[in-house]
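Visitor: Can you read through this structure? Questions will come right after.
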Amino acid sequence: MTLRELADQIGATLHGDASIEVVGCAPIDRAGSDEIAFVANRKYARHLDETAAAAVLVGPKTPCPDGMNRLVADDPYYAFRNAMIALHGHRPHPAPIGSLADRKDATISAQAAVHPDAEVGEGTTIHPFAVVEHDAKVGERCVIYPGVYIGPEAVIGDDCILYPNVTIYDRCILGNRVTLHSSTVIGQDGFGYATHQGAHHKIPQAGIVVIEDDVELGGGCAIERAAMGETRIGEGTKFADLISIGHGTRIGKHCLFVSFVGISGSVDVGNYVVLGGQVGVTGHLKIGDGVQAMARTAMTRDIPAGSKVGGAPSVPLDIAKRNALAGMDLYELSRRVRQLERQLEKTRTEQQAGEQAGGQTGG
């Protein structure tokens with residue numbers, strides 16, 4: 001499409017040649033003459049003088065070279081997201097391979113195992129080797145990839161995408177427009193054992209997991225079912241890969257968790273919480289709304305709303321940064337301390353010797 005057409009679609013203001021045609025999006029340092037790029041982070045602004053991009057998406061205050069075609073938006077990163085949709089679209093979902101079951105309202109592979117008592121909504125696609133157990137309900141326009149298991153009495157909302165080898169245990173509930181990437185598990189037993197006379201005895205995990213609308217979980221995530229009640233992931237929350245949520249924990253709305261986050265059981269996480277990679281949270285804590293934690297933070301106490309924290313154990317972020325800087329070369333610091341200790345001991349010895357010599361002269 002032309003830059004004019006693209007600007008109209010994404011709500012940006014065009015400065016430059018409106019007739020140039022573009023076919024895709026690319027990083028600013030690798031974009032070609034028929035692609036657009038964006039600058040939302042100041043450290044990439046240095047590439048503006050050398051980029052070959054047909055146009056660049058920038059904010060209103062981003063300085064650009066004279067004559068550069070640019071699409072100006074108040075939120076250039078979001079505008080770039082919309083440009084990606086306009087030029088590339090979302091991933092298309094293939095049709096099932098092989099013959100289909102005789103269903104008029106859904107596209108179901110003959111090699112899928114769908115229980116007669118299960119409900120499958122209109123427009124849903126189920127690929128080979130997926131299993132839908134008895135009394136499960138799958139909503140409309142869902143895509144169920146190969147190897148997916150949907151357990152008894154589980155409920156899947158409308159417009160959900162379950163990528164290969166996703167597992168939904170019995171009675172768990174997914175809202176609408178939920179996306180689960182490959183090998184994510186919803187509703188496995190929580191890590192609950194009673195230790196008696198040296199042995200660990202399993203506590204039945206009778207609860208469920210509830211995933212609210214518009215949640216997306218990356219590959220290899222694991223959400224434990226509650227021992228009693230529910231584990232809940234709030235509306236609009238997004239996880240990266242390999243994240244573990246303990247039983248009975250409640251995650252609020254529109255949270256962002258980076259890879260390798262681990263949260264223990266019975267934690268109450270507020271809304272709009274952002275956790276960096278490898279953040280760990282011990283059990284039975286309360287994390288307030290809007291909390292942000294830098295990578296590898298260890299939360300061992302309640303965190304008030306709006307706090308920014310880091311370190312292990314967690315401390316306010318500015319203190320965590322100073323601690324990190326101080327600990328960057330602990331060996332050199334310890335070497336200097338030993339050196340100072342030796343100098344101090346030498347000074348003390350010389351001082352004592354001088355005092356003894358003065359005493360003998362005085363006598």
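Readers should treat all values here as calculations from the given coordinates under stated rules, not as data from a laboratory. Everything quoted here is computed from the prediction, not taken from an experiment. Because the Cβ atoms are built from the backbone with ideal geometry, glycine has one as well, and the counts that use them run over all protein chains shown.
Visitor: Calculate the translational D of the stretch 3-87 in whole µm² s⁻¹ from Stokes-Einstein, where the hydrodynamic radius comes from the Kirkwood formula applied to all Cα pairs, the temperature is 20 °C and the viscosity 1.002 mPa s. Numbers along the way, then the final one.
Guide: Details: Rh = 12.2 Å.
Rounded to a whole number, D works out at 176 µm²/s.
Visitor: Can you tell me what share of the DSSP beta bridges in the chain is antiparallel? A percent to the nearest 5 is fine.
Guide: 15
Visitor: Counting other beta carbons within 10 Å of each residue's own, what order do 109, 183, 99 fall into, fewest first? Walk me through the numbers before you get to the answer.
Guide: On the way: 109 22, 183 18, 99 10.
Final ranking by Cβ density, sparse to dense: 99, 183, 109.
Visitor: Put +1 on the Cβ of every Lys and Arg and -1 on every Asp and Glu Cβ in the chain; which of 27, 136, 247 then has its Cα farthest towards the positive end of the dipole?
Guide: Comparing the listed Cα positions along the dipole, 247 ranks first.
Visitor: Something else about it: Amide H of residue 160 versus every other amide H placed in the peptide plane: which residues, excluding those fewer than 5 positions away on the same chain, fall under 5 Å?
Guide: Long-range HN contacts for residue 160: 142, 143, 177, 178.
Visitor: If you restrict to DSSP beta bridges whose two residues both lie in the stretch 3-87, what percentage is antiparallel, to the nearest 5? Each step should come with its number before you reach the end.
Guide: Values: 3 of 11 bridges.
Close to 25 percent.
Visitor: OK, next. Mind checking the angle between helix 330-362 and the chain's longest principal axis? C-alpha axes, 0 to 90 degrees, to the nearest 10.
Guide: Between the helix axis and the principal axis of the chain, the angle is about 10 degrees.
Visitor: I would also like to ask the following. For 286, 202, what's the fewest-to-most ordering of other Cβ within 10 Å of each Cβ? List each step's numbers first, then the result.
Guide: Details: 286 14, 202 10.
The order, fewest Cβ neighbours first, is 202, 286.
Visitor: Applying the Karplus parametrisation 6.51 cos²θ - 1.76 cosθ + 1.60 with θ = phi - 60° to the phi angles of the stretch 219-225, what ³J(HN,Hα) value in whole Hz is obtained for each residue in order, glycine and proline being reported as x?
Guide: x, x, 7, 9, 10, 6, 6
Visitor: While we're looking at this one, here's another question. Just to confirm my numbers, what's the Cα centroid distance between the stretch 336-361 and the stretch 1-73 in Å?
Guide: Cα centroid of the stretch 336-361 versus Cα centroid of the stretch 1-73: 70 Å apart.
Visitor: If you don't mind, another one. Show that you can apply the helix-only estimate: for the chain, add -39,500 (n - 2.57) for every DSSP H stretch of four or more residues, divide by all residues, and state [θ] at 222 nm to the nearest 500. The partial results should precede the final answer.
Guide: Details: 4 runs with 63 residues, N = 363.
Here the helix-only value at 222 nm equals -5500 deg cm²/dmol.
Visitor: Near residue 39, within a Cβ-to-Cβ distance under 10 Å, what is the net charge of the other residues, with Lys and Arg +1 and Asp and Glu -1? Could the numbers behind the result be given before it?
Guide: On the way: positive: 42, 43, 46, 70; negative: none.
Value of the local net charge: +4.
Visitor: Here's another thing I want to ask about it. Taking the Cα centre of the stretch 3-87 as origin and charging only Cβ (+1 Lys, Arg; -1 Asp, Glu), how large is the dipole, in debye to the nearest 20? Let's see the in-between values first.
Guide: Details: 8 positive and 12 negative charges, 77 e Å.
Roughly 380 debye, rounded to the nearest 20.
Visitor: So, one more: Which trypsin sites (Lys or Arg not before Pro) in the stretch 77-114 pass both tests, a DSSP loop state and at most 16 other beta-carbon atoms within 10 Å?
Guide: Values: sites: 81, 103, 104; in loops: 103, 104.
Sparse-neighbourhood loop trypsin sites (Lys or Arg not before Pro): 103, 104.
Visitor: Can you list residues whose amide H is under 5 Å from residue 139's amide H, if they're 5+ apart or on another chain and H is modeled 1.01 Å from N?
Guide: 121, 156, 157
Visitor: For the stretch 129-137, what does the Karplus curve 6.51 cos²θ - 1.76 cosθ + 1.60, with θ = phi - 60°, yield as ³J(HN,Hα) per residue in whole Hz, taken in order and with x for Gly and Pro?
Guide: 6, 7, 10, 10, 7, 4, 6, 6, 10
Visitor: Computed from the coordinates I sent, Cα Rg over 2.2 N^0.38 Å equals one of [x] 0.98; [y] 1.08; [z] 1.41. Tell me the label.
Guide: After the calculation, the listed value that fits is [z].
Visitor: If you don't mind, another one. Give the percent of DSSP beta bridges with both residues in the stretch 174-286 that are antiparallel, rounded to the nearest 5.
Guide: Details: 4 of 30 bridges.
Bridges in the stretch 174-286 that DSSP calls antiparallel: roughly 15 percent.
Visitor: Considering the dipole of the chain built from charges on the beta carbon (Lys and Arg +1, Asp and Glu -1) around the Cα centre, which of 197, 347, 114 is farthest to its positive end?
Guide: The residue sitting farthest along the positive end of the dipole is 347.
Visitor: Only Lys, Arg, Asp and Glu count, each charged at its Cβ (+1, +1, -1, -1), so figure out the dipole size of the chain about its Cα centre, rounded to 20 debye.
Guide: Values: 33 positive and 43 negative charges, 320 e Å.
The calculated dipole for the chain is roughly 1540 debye.
Visitor: Provide 195, 300 in ascending order of the number of other Cβ atoms located within 10 Å of each residue's Cβ, fewest first. Don't jump to the answer; show the numbers that get you there.
Guide: Values: 195 8, 300 13.
In increasing order of surrounding Cβ atoms, one gets 195, 300.
Visitor: Treating only the Cβ of Lys, Arg, Asp and Glu as charged (+1, +1, -1, -1), what charge dipole size does the stretch 186-300 show about its Cα centre? Round to the nearest 20 debye.
Guide: Values: 8 positive and 11 negative charges, 75 e Å.
Magnitude of the dipole: close to 360 debye.
Visitor: Limiting things to C-alpha atoms, what are the Rg and the maximum Cα-Cα separation (Dmax) for the stretch 107-321, in angstroms?
Guide: My reading of the Cα-based Rg and Dmax gives 18.0, 60 Å.
Visitor: Using only the alpha-carbon atoms, how far is helix 76-87 inclined from the longest principal axis of the chain? Give it as 0 to 90 degrees, nearest 10.
Guide: 30
Visitor: Another question about this same structure. Once Rh for the stretch 285-363 is found with the Kirkwood sum over Cα pairs, what is the Stokes-Einstein diffusion coefficient at 10 °C and 1.306 mPa s, in µm²/s? Intermediate results must be reported in sequence, preceding the final value.
Guide: Details: Rh = 16.4 Å.
Estimated via Stokes-Einstein, D reaches 97 µm²/s.
Visitor: Could you tell me which GluC sites (Glu not before Pro) in the stretch 1-101 are loop residues by DSSP with no more than 10 other beta carbons within 10 angstrom of their beta carbon?
Guide: Answer by residue number: 50.
Visitor: Would you tally the net charge around residue 221, using a Cβ to Cβ cut-off of less than 12 Å, leaving residue 221 out, and scoring K and R as +1, D and E as -1?
Guide: On the way: positive: 238; negative: 216, 224, 241.
Residues close to residue 221 contribute a combined charge of -2.
Visitor: Turning to a different aspect of this structure: Which whole-Hz couplings ³J(HN,Hα) result when phi for each residue of the stretch 2-10 is put into the Karplus expression 6.51 cos²θ - 1.76 cosθ + 1.60, θ = phi - 60°, listed in order with x for Gly and Pro?
Guide: 7, 4, 4, 4, 5, 4, 5, 5, 9
Visitor: Counting Lys +1, Arg +1, Asp -1, Glu -1, what net charge surrounds residue 272 among other residues with beta carbon under 11 Å of its beta carbon? Intermediate values should be presented prior to the final figure.
Guide: Numbers: positive: 253; negative: 289.
Taking every other residue near residue 272 into account, the sum is 0.
Visitor: Over the stretch 271-363, what is the mean sequence separation of C-alpha contacts under 8 Å (at least six apart), divided by residue count, expressed as relative contact order in percent?
Guide: On the way: 126 pairs, mean separation 15.5, N = 93.
RCO, the stretch 271-363: 17 percent.
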